[in-house]
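Beneath this line is the structure, given in structure tokens, with notes to follow.
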Amino acid sequence: MERTYVMVKPDGVQRGLVGEVIGRIERRGLKIIALRMNTISQDQAKKHYAEHVQKPFFKSLIDFITSGPSVSMVVEGKNAVAVMRAINGATNPVNASTGSIRGDLALDTGRNVVHASDSPESASREISIHFKDAEISEYSRIDEICIYE
């Protein structure tokens, strides 16, 4: 099984969309194995978005992501990275499919409700920024027999 990092960003928390996002993840069949609500520190945010450090939007991105509480998750399942990216929809909500989180719930790229890792390597790096190994729970869902061949 593959793991990915998912975050309900401060705009999603402020809009009361945490339950909606978690529901979509769980209904799809993915398993949440770690979950935390907190305000991400500047240091964590800079590590998380390190690949954007030279981009003109970096400062505003860090300011936004640290502006209030967010919900961080480790999500597990077959092809979790690709499945979670599909659940989220395109980064720009204008281009996101109806039925995706961003397609249904967002209007602006800078306030697009959710983040998910874009590769297994990014997932591993992002998970290690936000969670200690001891905070990740390993368990079997009762319905996994119905989800996977």
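Read-outs throughout are calculated quantities, based only on the coordinates presented, and are distinct from any laboratory measurement. Bear in mind the structure is a predicted one, so any value in this text is a computation, not a measurement. Here Cβ is always computed from backbone atoms with ideal geometry, including for glycine, and neighbour counts include all displayed protein chains.
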Max mean-square fluctuation residue, GNM over the chain, Cα-Cα springs under 10 Å, options V18, V114, V94: V94
Difference of contour (0.36 nm per residue) and Cα-Cα distance, S67 to E144: 24.0 nm
Stretch gain in nm, segment A86-L107, where the contour uses 0.36 nm per residue and the Cα spacing is subtracted: 5.9 nm
Calculate, in nm to one decimal, what V94 and I32 gain on full extension: separation in residues at 0.36 nm each, minus their alpha carbon distance. 19.5 nm
FRET efficiency for D43 and Q14, using Cβ-Cβ distance with R0 set to 25 Å, rounded to 0.05: 0.65
Using only helices, what value at 222 nm comes out for the chain when you add -39,500 (n - 2.57) per DSSP H run of length 4 or more and divide by the total residues, to the nearest 500 deg cm²/dmol? -10500 deg cm²/dmol
Tell me the net charge near E138. Cut-off is 11 Å between Cβ atoms, E138 excluded, with +1 for each Lys or Arg and -1 for each Asp or Glu. 0
Sorting K132, K31 on the 10 Å Cβ count, fewest up front, what's the list? K132, K31
On a 20 Å Cα-Cα criterion, which of the cross-link pairs K47/K132; K9/K78; K47/K78; K59/K132; K55/K132 come out too long? K9/K78; K47/K78; K59/K132; K55/K132
